[in-house]
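Engineer: Let me begin by handing over the structure; questions about it come next.
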Amino acid sequence: MKSSQRISHLTGGGSDGWDVFYRARRMKAAGQPVIELTIGEHDIRTAPDILAAMDAAARAGHTGYASVPGTDALRKAVATRIATRTGVATGPENILITPGGQAGLFAAAMATLDPGDRALFVDPYYVTYPGTLRAAGGVPVPVAARPEHAFQPQAADLAVVAPDARVLLVNSPNNPTGAVYDAATLADIAGVVTDHDLWLISDEVYDTQVWEGEHLSPRALPGMADRTLVVGSMSKSHAMTGSRIGWVCGPEEIIVEMINLATHTTYGVPGYIQDAATFALGQGETPEEAVAAPFRRRRAITARLVAGQNVVRAAPMQGAMYAMLDIRATGLSGEGFANALLDAERVAVMPGESFGAAAAGHVRVALTVDDAAFEDALGRLLRFAAARAGAVSPA
Ligand SMILES: Cc1ncc(COP(=O)(O)O)c(C=O)c1O
């Protein structure tokens, strides 16, 4: 029996640069001492007080169907968080609770795209973007954000593809590049989506991990609240990746329609998870800072080690739990470098190419192992790069 085209064409097919990741996993399973700096998963777990709140809620009986849009308390807590941090009036009616940011992205794509609509997204990109846009019937169109622009998308590049598009999907702080979009970039984005009457989907799941500058939500720019869907999540901010809890924030009319979609897809998020999330948001910024602190330290380690050599260059590490390293001086592609590094040093990093053509010649390093192991692994990466660069230098 044939599956639907929708599902069989979800991913583009062909090599996606993730082979090195699966190879590292196999080597580790076979007992080899591989240090994995690959995916965006914290090395700490959800805080005990959040787990206690989850346990108490479950034991209090919150194990039945929960209200599909989200509990009143959590929708209010998310709305308050957003209103406080962005200054944009936001109420519970603007919030749909979703099983993680990914489900929020999916719902946002479903809500804004008709079959055949062109959906712009910034390359390098989070790995699910093209498939998510395709799942909703959209035609994903990458717009390169280049290393020479510190991976900030340029208005001129967006303007070329915007006239035929329906949606622009952006992500700041950015996975995989670590870029935090500055006020000028966000003004350009707002200008393009307004001029061409696009929806903006703004993925802000790393909003608590900002090392340089500040997180600015494009929804706060003039006229943008009516055409922006913000996707948020507790995965990264509260180390709750496995709890699958996130949200979409947008105009009430489209949130109502997305609630209808949720009724026909997820049927909501477990009540005890929502209660734990409500508890966690009630603790304010302190636990968010505690979750972010290890990444801030490892970013400093990266800056120090990279400054001590001149082969590998780091893209500005402004936010999120990654460093994007330019390894072009080694003469290798990102994929070639990642594979050779894995074989030689048992250190696993992601090839830039797995996040799109604009990250070719780079590797993404996740700041997700303890400080000592991280420093050791990065040191090995830099020594390996120096040796390779020596091998290709003419002298
Ligand atoms: C940019 C970005 N958006 C969305 C997600 C999805 O996160 P979750 O579904 O765990 O909230 C991730 C996860 O790594 C991500 O990096």
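The values are calculated or read from the model by the stated rules, or taken from the named source; none is laboratory data. None of the values given here were measured: they were computed from a predicted structure. Glycine gets a Cβ as well: all are built from the backbone with ideal geometry, and neighbour counts include every protein chain shown. Each accessible area value is taken on the protein alone, full model and side chains, heavy atoms only, with ligands, DNA and RNA left out. Shrake-Rupley method; radii C 1.70, N 1.55, O 1.52, S 1.80 Å.
Engineer: Quick one: in region 126-150, of everything that is in contact with a Pro (Cβ under 7 Å, 6 or more places away or on another chain) and in a loop (DSSP other than H, G, I, E, B), which residue is farthest from residue 192 (Cα to Cα)?
Structural biologist: 137
Engineer: It is to be established whether one or more residues within region 170-193 are touching a residue at least 24 places away in the same chain (Cβ under 8 Å), surrounded by 23 or more Cβ atoms within 10 Å (Cβ to Cβ) and in a strand (DSSP E or B).
Structural biologist: Within region 170-193 (the criterion being touching a residue at least 24 places away in the same chain (Cβ under 8 Å), surrounded by 23 or more Cβ atoms within 10 Å (Cβ to Cβ) and in a strand (DSSP E or B)), the answer is yes, since at least one residue qualifies.
Conditions tested, residue by residue: (1) within 16 Å of the ligand (Cβ to nearest atom); (2) surrounded by fewer than 21 Cβ atoms within 10 Å (Cβ to Cβ).
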| site | (1), (2) |
| --- | --- |
| 225 | no, yes |
| 247 | yes, no |
| 253 | no, yes |
| 259 | no, yes |
| 265 | yes, yes |
| 269 | yes, no |
| 274 | yes, no |
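Engineer: Within region 190-212, can you find the residues that are within 23 Å of residue 164 (Cβ to Cβ), touching a strand residue (DSSP E or B) at 6+ places or on another chain (Cβ under 6 Å) and either aliphatic (A, V, I, L, M) or within 14 Å of the ligand (Cβ to nearest atom) (or both)? First the steps, then the outcome.
Structural biologist: Taking region 190-212 and keeping what is within 23 Å of residue 164 (Cβ to Cβ), we get 190-203.
Okay, now just the ones that are also touching a strand residue (DSSP E or B) at 6+ places or on another chain (Cβ under 6 Å), so 193, 198-203.
193, 198, 200, 201, 202, 203 - these are the residues of region 190-212 that are within 23 Å of residue 164 (Cβ to Cβ), touching a strand residue (DSSP E or B) at 6+ places or on another chain (Cβ under 6 Å) and either aliphatic (A, V, I, L, M) or within 14 Å of the ligand (Cβ to nearest atom) (or both).
Engineer: So which pairs qualify, if the first residue must be in region 135-155 and under 18 Å from residue 315 (Cβ atoms), the second must be among the polar types (S, T, N, Q) and buried (at least 18 other Cβ atoms within 10 Å of the Cβ), the Cβ gap must be under 8 Å, and the two must be at least 6 apart or on different chains?
Structural biologist: 145/152; 145/177; 151/174; 151/177; 152/185; 153/185
Engineer: Does residue 130 satisfy the condition of being within 15 Å of the ligand (Cβ to nearest atom), open to solvent by 20 Å² or more (accessible area, probe 1.4 Å), out of contact with any Leu (no Cβ under 7 Å at 6 or more places or on another chain) and not hydrophobic (A, V, I, L, M, F, W, C)? Step through it out loud before you land on a result.
Structural biologist: Values: within 15 Å of the ligand (Cβ to nearest atom): yes; open to solvent by 20 Å² or more (accessible area, probe 1.4 Å): no; out of contact with any Leu (no Cβ under 7 Å at 6 or more places or on another chain): yes; not hydrophobic (A, V, I, L, M, F, W, C): yes.
For residue 130, the condition - within 15 Å of the ligand (Cβ to nearest atom), open to solvent by 20 Å² or more (accessible area, probe 1.4 Å), out of contact with any Leu (no Cβ under 7 Å at 6 or more places or on another chain) and not hydrophobic (A, V, I, L, M, F, W, C) - is not met.
Engineer: Next up: Of the residues 61, 91, 31, which single one is open to solvent by 50 Å² or more (accessible area, probe 1.4 Å) and away from the ligand (no atom under 16 Å from the Cβ)?
Structural biologist: Details: 61 fails: open to solvent by 50 Å² or more (accessible area, probe 1.4 Å); 91 fails: open to solvent by 50 Å² or more (accessible area, probe 1.4 Å).
After ruling out the rest, the residue left standing is 31.
Engineer: Given (1) surrounded by fewer than 21 Cβ atoms within 10 Å (Cβ to Cβ); (2) within 11 Å of the ligand (Cβ to nearest atom); (3) more than 29 Å from residue 65 (Cα to Cα), identify the lone condition not met by residue 242.
Structural biologist: For residue 242, the exception is condition (3).
Engineer: Looking only at residues that are more than 22 Å from residue 175 (Cα to Cα) and either at pLDDT below 95 or open to solvent by 50 Å² or more (accessible area, probe 1.4 Å) (or both) in region 34-58, which one is farthest from the chain's Cα centre (by Cα)?
Structural biologist: Filtering first and then ranking leaves 56.
Engineer: Starting from residues that are touching a helix residue (DSSP H, G or I) at 6+ places or on another chain (Cβ under 9 Å) and open to solvent by 60 Å² or more (accessible area, probe 1.4 Å), keep the ones in region 13-22 and report whichever is nearest to residue 357 (Cα to Cα). Before you say what the answer is, go through the steps one by one.
Structural biologist: Of the residues in region 13-22, the ones touching a helix residue (DSSP H, G or I) at 6+ places or on another chain (Cβ under 9 Å) are 15-21.
From what is left, the residues that are open to solvent by 60 Å² or more (accessible area, probe 1.4 Å) are 15-16, 19.
Values: 15: 13, 16: 11, 19: 16 Å.
Checking each candidate, the answer is 16.
Engineer: Mind checking which pairs have a first residue in region 365-376 that is in contact (Cβ under 8 Å) with a residue 24 or more places away in the chain and a second that is part of a loop (DSSP other than H, G, I, E, B) and among the hydroxyl-bearing types (Ser, Thr, Tyr), Cβ under 8 Å, 6 or more apart or different chains?
Structural biologist: If the second residue must be part of a loop (DSSP other than H, G, I, E, B) and among the hydroxyl-bearing types (Ser, Thr, Tyr), the pairs left are 366/38.
Engineer: Sticking with this one: When both residues are 6+ apart or on different chains and their Cβ atoms are under 6 Å apart, which pairs have a first residue that lies in region 91-106 and is β-branched (Val, Ile, Thr), and a second that is within 8 Å of the ligand (Cβ to nearest atom) and open to solvent by less than 10 Å² (accessible area, probe 1.4 Å)?
Structural biologist: Matching pairs, first to second residue: 98/104; 98/246.
Conditions tested, residue by residue: (1) modelled with pLDDT under 95; (2) within 21 Å of the chain's Cα centre (by Cα); (3) closer than 28 Å to residue 116 by Cα.
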residue	(1), (2), (3)
137	no, no, yes
141	no, yes, yes
145	no, yes, yes
154	no, yes, yes
161	no, no, yes
170	no, yes, yes
175	no, yes, yes
178	no, yes, no
186	no, yes, yes
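Engineer: Turning to a different aspect of this structure: Among residues belonging to region 100-119 that are away from the ligand (no atom under 16 Å from the Cβ) and not in a loop (DSSP other than H, G, I, E, B), point out the one that is least open to solvent (accessible area, probe 1.4 Å). Working first, answer last.
Structural biologist: First, the residues of region 100-119 that are away from the ligand (no atom under 16 Å from the Cβ): 111-118.
In the following step, the residues that additionally are not in a loop (DSSP other than H, G, I, E, B) were identified as 111-112, 118.
Details: 111: 38, 112: 3, 118: 84 Å².
Across region 100-119, the extreme among qualifying residues is 112.
Engineer: Looking at region 143-169, which of its residues are within 15 Å of the ligand (Cβ to nearest atom) and open to solvent by 40 Å² or more (accessible area, probe 1.4 Å)?
Structural biologist: Within region 143-169, no residue meets the criteria.
Engineer: Let me ask another. Being more than 22 Å from the chain's Cα centre (by Cα) and hydrophobic (A, V, I, L, M, F, W, C) narrows it down to one residue among 256, 248; which is it? Before you say what the answer is, go through the steps one by one.
Structural biologist: Details: 248 fails: more than 22 Å from the chain's Cα centre (by Cα).
Of 256, 248, the one residue that is more than 22 Å from the chain's Cα centre (by Cα) and hydrophobic (A, V, I, L, M, F, W, C) is 256.
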